[in-house]
Amino acid sequence: MFLRITRTRIESAKYDQVMGLSQEVVDAVKKLPGLQHVSMAGDQSNGRGTIVSVWDTKDHAQFDRSALGDVVARAQEMGAQIEAPEIYEITAQS
């Protein structure tokens with residue numbers, strides 16, 4: 001299994017607007033093959049957000065963002081800066 005972490009930076013003034021897309025992002029990710037779990041979290045005080053997901057294979061974890069539809073572009077238009085995803089193999093879990 002593989003862990004995908006995507007970090008974002010969001011202007012404080014637009015934080016609520018961008019994070020308002022959270023459920024839409026989660027719903028889009030849930031449609032992709034191989035997903036085991038997905039969560040989004042954020043901290044308005046420092047303008048940071050994180051999307052963490054668990055996948056059955058590395059190929060599934062490395063999906064292209066275009067697979068999520070236009071929600072990524074809309075977040076970026078609102079000022080979200082989305083970093084490249086980090087992919088890790090899970091070596092232990094509870």
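For the range 37-90, which GluC sites (Glu not before Pro) are in a loop by DSSP, counting at most 15 other Cβ atoms within 10 Å?
Those satisfying the criteria are 83.
When only alpha-carbon atoms are used, what values of Rg and Dmax, in angstrom, describe the chain?
Answer for the chain, Rg first and Dmax second: 13.1, 39 Å.
Just want to confirm a number: the relative contact order over the range 2-89, from Cα pairs under 8 angstrom separated by 6+ residues, in percent. The partial results should precede the final answer.
On the way: 151 pairs, mean separation 42.3, N = 88.
The normalised contact order for the range 2-89 reaches 48 percent.
Bear in mind that the values in this text are calculations on the coordinates, not laboratory data. What you see is a predicted model; the values in this text were computed from it and never measured. Glycine also receives a Cβ, built like all others from the backbone with ideal geometry; neighbour counts cover every protein chain displayed.
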